[in-house]
Amino acid sequence: PRIVSLALLPGDGIGPEVVTEAVRVLHAAAPADTTFETTEYPFGATHYLATGSILTDEDITTLRTHDAILLGAVGGDPRDPRLSGGIIERGMLLKLRFALDHYVNLRPTVLLPGVASPLAAPGEIDFVVVREGTEGPYVGNGGSIRVGTPHEIANEVSINTAHGVDRLVRFAFETAMKRRKKLTLVHKTNVLTYAGGLWQRTVDRIALEFGEVSVDYLHVDAATIFLVTNPGRFDVVVTDNLFGDILTDLAGAISGGIGLAASGNINPEGAFPSMFEPVHGSAPDIAGQQKADPTAAILSVAMLFDFLGFGDAAARVQAAVTADVASRTSEPRSTASIGDAIVAQLAAQ
Ligand code: NAD
Ligand code: IPM
Ligand code: MN
């Protein structure tokens, strides 16, 4: 029998609550001839406050031995000054995305049948954001001087490399070929002259290799209009790290809520383990109350299955979630009871 080794990083806040349900679904949907061995790691704000350690190079070496990683969410009490400046987000989440070269941050958005959208006329929503994961303003290339004075100057440089943009855009075109063959570049070329120029030229050049894919462009501000007024116009959206972050929370909101939005931090070549996680964060406002929707984490398991080549298991999880969301009422359910319901849907297939 095949053995797959997974690292579980439940993290903080609602992270452990949603990962518990996701792991139940993982085992319930796993093919009979495959064992998923899980090893849990405590990284996150709670671990940092207890030990002073966020994520060492040795920890990364250990995580690299796994086939894939499932992450809940990280981020502690927003009022705690020991955690200010995104020390956990940078020291753990971004460190992992960079160290494991997760250059594709894949974020699908589907409005499933029976799910209420806040949009008056959502139409059909089925697109995927191919967000760059290792560059942009996320790299930490910045600094400030005269801090705290009226003359403070702070900068945060967006890094965009030809190599980094090329490989992402290529992945986006390949994704479009497997879908409706439509690709939209989202950027802000009217202001971000240099980075925008690189992205636009890269898309124009690679488009020549993918003649069947129709290509268009939207400035990011206009893209937010169309996500609300006509989300059906999108198939594959390719964009940089920061625009992709912002657009995918909006994408989650229009398709039934952030509690349903899954993602994959992917190294397509498989040189490093890929990492799957809900789009949402640690939600300190509802943590520890069994109020979080674990569906995003469960759909992240479906993405994990898919990436590791377990297409049938992925489809089963997807179908179980589709059945569950279609039968939802306005009655609130606990995190565990949503997990129960999805496991029951799997058993009924
Ligand atoms: P958030 O996504 O945690 O919460 C935003 C809102 O959505 C909150 O009202 C929350 O209750 C709600 N929400 C989120 N997930 C939900 C779920 N599964 N079910 C129901 N409601 C849900 O965003 P935030 O408040 O901006 O961030 C909180 C912390 O999480 C911060 O420290 C942030 O840096 C971190 N964060 C981490 C990740 C990650 O680990 N991948 C992602 C985003 C934010
Ligand atoms: C996400 C999160 C992260 C991001 C933060 C927590 C660093 O918002 O995964 O969407 O900005 O990428
Ligand atoms: Mn985000």
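Looking only at residues that are out of contact with any Gly (no Cβ under 7 Å at 6 or more places or on another chain) and among the small types (G, A, S) in region 158-186, which one is farthest from T134 (Cα to Cα)?
A176
Might you check whether a residue that is closer than 15 Å to T175 by Cβ, more than 16 Å from ligand 3 (Cβ to nearest atom) and in the same structural domain as G123 (by TED's automatic domain parsing) occurs anywhere in region 244-253?
Looking for residues that are closer than 15 Å to T175 by Cβ, more than 16 Å from ligand 3 (Cβ to nearest atom) and in the same structural domain as G123 (by TED's automatic domain parsing), one finds none in region 244-253, hence no.
Which residues, taken from region 231-245, are within 11 Å of ligand 2 (Cβ to nearest atom) and either over 25 Å from V139 (Cβ atoms) or in contact with a Ser or Thr (Cβ under 8 Å, 6 or more places away or on another chain) (or both)?
N241, L242
Exactly one of these conditions fails for G72: (1) under 25 Å from P284 (Cβ atoms); (2) free of Cβ contacts under 8 Å to residues at least 40 places away in the same chain. Give me its number.
Status for G72: all satisfied but (2).
Step by step: first the residues of region 116-136, then only those that are outside any loop (DSSP other than H, G, I, E, B) and not aliphatic (A, V, I, L, M), then the one that is farthest from T229 (Cα to Cα). Which residue is that? Can you show your working first?
Of region 116-136, the ones outside any loop (DSSP other than H, G, I, E, B) are 126-132, 136.
Next, from what is left, pick out any that are not aliphatic (A, V, I, L, M): 126-127, 131-132, 136.
Numbers: D126: 14, F127: 15, R131: 22, E132: 25, G136: 28 Å.
Checking each candidate, the answer is G136.
On the basis of being within 14 Å of ligand 1 (Cβ to nearest atom), touching a residue at least 24 places away in the same chain (Cβ under 8 Å), assigned by TED's automatic domain parsing to the domain that holds L63 and in contact with a strand residue (DSSP E or B) (Cβ under 6 Å, 6 or more places away or on another chain), does S300 make the cut? First the steps, then the outcome.
On the way: within 14 Å of ligand 1 (Cβ to nearest atom): yes; touching a residue at least 24 places away in the same chain (Cβ under 8 Å): yes; assigned by TED's automatic domain parsing to the domain that holds L63: yes; in contact with a strand residue (DSSP E or B) (Cβ under 6 Å, 6 or more places away or on another chain): yes.
Answer is yes for this residue.
What are the residues in region 11-60 that are surrounded by fewer than 19 Cβ atoms within 10 Å (Cβ to Cβ) and touching a Lys or Arg at 6+ places or on another chain (Cβ under 7 Å), if any?
D33, T34, L49
Scanning for something away from ligand 3 (no atom under 16 Å from the Cβ), buried (at least 17 other Cβ atoms within 10 Å of the Cβ), of a type in the set (S, T, Y) and at pLDDT 95 or above, does region 200-214 turn up at least one residue? Don't jump to the end; show me each part of the working.
Kept after step one, since they are away from ligand 3 (no atom under 16 Å from the Cβ), are these residues of region 200-214: 200-214.
Filter again for buried (at least 17 other Cβ atoms within 10 Å of the Cβ), leaving 202-203, 206, 210, 213.
Still in the running and of a type in the set (S, T, Y): 202.
Restricting the remaining residues to those that are at pLDDT 95 or above gives 202.
Scanning region 200-214, I find at least one residue that is away from ligand 3 (no atom under 16 Å from the Cβ), buried (at least 17 other Cβ atoms within 10 Å of the Cβ), of a type in the set (S, T, Y) and at pLDDT 95 or above, so the answer is yes.
Could you check region 66-98 and list, in sequence order, the residues that are within 15 Å of ligand 3 (Cβ to nearest atom) and either at pLDDT below 95 or not hydrophobic (A, V, I, L, M, F, W, C) (or both)?
Passing the criteria: G72, G75, P78, G86, E89, R90, R97.
Failed condition for D285, given (1) within 16 Å of ligand 2 (Cβ to nearest atom); (2) in contact (Cβ under 8 Å) with a residue 12 or more places away in the chain, with all others met?
It is condition (2) that D285 fails.
The values are calculated or read from the model by the stated rules, or taken from the named source; none is laboratory data. As the structure is a prediction and not an experimental result, all values here were calculated from the model. Using ideal geometry, Cβ is built from the backbone for each residue, glycine included, and neighbour counts are taken over all protein chains shown.
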